[in-house]
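Here's the structure, in structure tokens; my notes come after.
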Amino acid sequence: MPIAENFPEGLKPSGKIMHSDGENFHFMWGPGRSDAEAFSNDEVKAAYKARGEKQVPLGVSGTMVAVDWDSCVADGACIEACPVQVFQWYRTEKDIPAAKVVNQTFEGTGSDVKEERKDYTDKADPIREHDCIWCMACVSVCPPEAIKVDQSNLEHHEKAAGTYTKIEAGENPHAHD
Ligand code: SF4
């Protein structure tokens, strides 16, 4: 099941993944779902077993560049396709269970090379979501269609962050950026 067409409707922020620049962060949204691709993918299941780590529903990482981590099977096509290195393999920076990334700070020093995933429990994380140029390359190449890119979801990001300012008719929509 690909990422929900209506993401983030029905989901709530479960926390932030912070960038160490002290300025940027992206939200994780939950709850996750155990009926998505990662739970039926043999490589992912085998990788969890090899680690002795329990596979649990994770939710969606990012808001404008949203990666459904329950759908993500660590293919890495998005990582390879992105012209501005929005994504990194999170485990290549911090090798912790994905359920524990919420409220962690990452430096963005993880690998952005498709074949450098730590293993198939790794996830593509949009650590540089703020650098997205909306080219949509990652969306079309993702095998399970785990990614939704939608610039208008900035409103959901800002509402969750408490920085949303309603734009009145006639105002420059980017004046508050
Ligand atoms: S839409 Fe383009 S720039 Fe944005 S994350 Fe996807 S590949 Fe990268």
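Got a sec? Which of THR105, THR92, THR121, THR109 is in contact with a strand residue (DSSP E or B) (Cβ under 6 Å, 6 or more places away or on another chain) and on the phi < 0 side of the Ramachandran plot? Quick ask: steps written out before the conclusion?
Numbers: THR92 fails: in contact with a strand residue (DSSP E or B) (Cβ under 6 Å, 6 or more places away or on another chain); THR121 fails: in contact with a strand residue (DSSP E or B) (Cβ under 6 Å, 6 or more places away or on another chain); THR109 fails: in contact with a strand residue (DSSP E or B) (Cβ under 6 Å, 6 or more places away or on another chain).
Being in contact with a strand residue (DSSP E or B) (Cβ under 6 Å, 6 or more places away or on another chain) and on the phi < 0 side of the Ramachandran plot holds for just one of THR105, THR92, THR121, THR109, which is THR105.
Matching residues to (1) of a type outside the set (Gly, Ala, Ser); (2) at pLDDT below 95:
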{"residue": "GLY22", "(1), (2)": "no, yes"}
{"residue": "MET28", "(1), (2)": "yes, no"}
{"residue": "ASN41", "(1), (2)": "yes, no"}
{"residue": "ALA46", "(1), (2)": "no, no"}
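How many of the residues in the range 94-108 are in contact (Cβ under 8 Å) with a residue 60 or more places away in the chain and buried (at least 16 other Cβ atoms within 10 Å of the Cβ)?
Residues flagged as in contact (Cβ under 8 Å) with a residue 60 or more places away in the chain and buried (at least 16 other Cβ atoms within 10 Å of the Cβ) within the range 94-108 amount to 4.
Step by step: first the residues of the range 112-134, then only those that are out of contact with any Lys or Arg (no Cβ under 9 Å at 6 or more places or on another chain) and more than 25 Å from HIS157 (Cβ to Cβ), then the one that is nearest to the ligand (Cβ to nearest atom). Which residue is that?
LYS114
Each row is one residue, and each column tells you yes or no for (1) free of Cβ contacts under 8 Å to residues at least 40 places away in the same chain; (2) in contact with a Pro (Cβ under 9 Å, 6 or more places away or on another chain).
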site	(1), (2)
LYS12	yes, yes
LYS16	no, no
HIS19	no, no
GLU23	yes, no
TRP29	yes, yes
ARG33	yes, yes
GLU43	no, no
ALA46	no, no
GLY52	yes, no
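When the residues of the range 33-68 are filtered to those that are touching a Leu at 6+ places or on another chain (Cβ under 8 Å) and part of a loop (DSSP other than H, G, I, E, B), which remaining residue is nearest to GLN151 (Cα to Cα)?
MET64
What pairs come out if I take residues in the range 77-93 that are within 12 Å of GLU115 (Cα to Cα) and pair them with residues that are among the acidic types (Asp, Glu) and not in a helix (DSSP H, G or I) whose C-beta lies under 7 Å away, six or more apart or interchain?
That search, which allows pairs on different chains as well, returns ILE79/ASP112; GLN88/ASP112; GLN88/ASP125; TRP89/ASP122.
Which residue is farthest from PRO143 (Cα to Cα), if the candidates are limited to the range 69-89 and must be within 16 Å of the ligand (Cβ to nearest atom) and in contact with a Leu (Cβ under 9 Å, 6 or more places away or on another chain)?
Among those residues, the one meeting the criterion is TRP69.
Which condition from (1) surrounded by fewer than 21 Cβ atoms within 10 Å (Cβ to Cβ); (2) outside any loop (DSSP other than H, G, I, E, B) is the one that PRO83 breaks?
It is condition (2) that PRO83 fails.
Just to check your reading of the model, which residue among THR109, THR92, THR165 is at pLDDT 95 or above, away from the ligand (no atom under 16 Å from the Cβ), touching a helix residue (DSSP H, G or I) at 6+ places or on another chain (Cβ under 8 Å) and among the hydroxyl-bearing types (Ser, Thr, Tyr)?
Unique residue meeting the criteria: THR92.
The values are calculated or read from the model by the stated rules, or taken from the named source; none is laboratory data. None of these values were measured; they are calculated from a predicted model. As a convention, Cβ positions derive from the backbone with ideal geometry for all residues, glycine included, and neighbour counts pool all protein chains shown.
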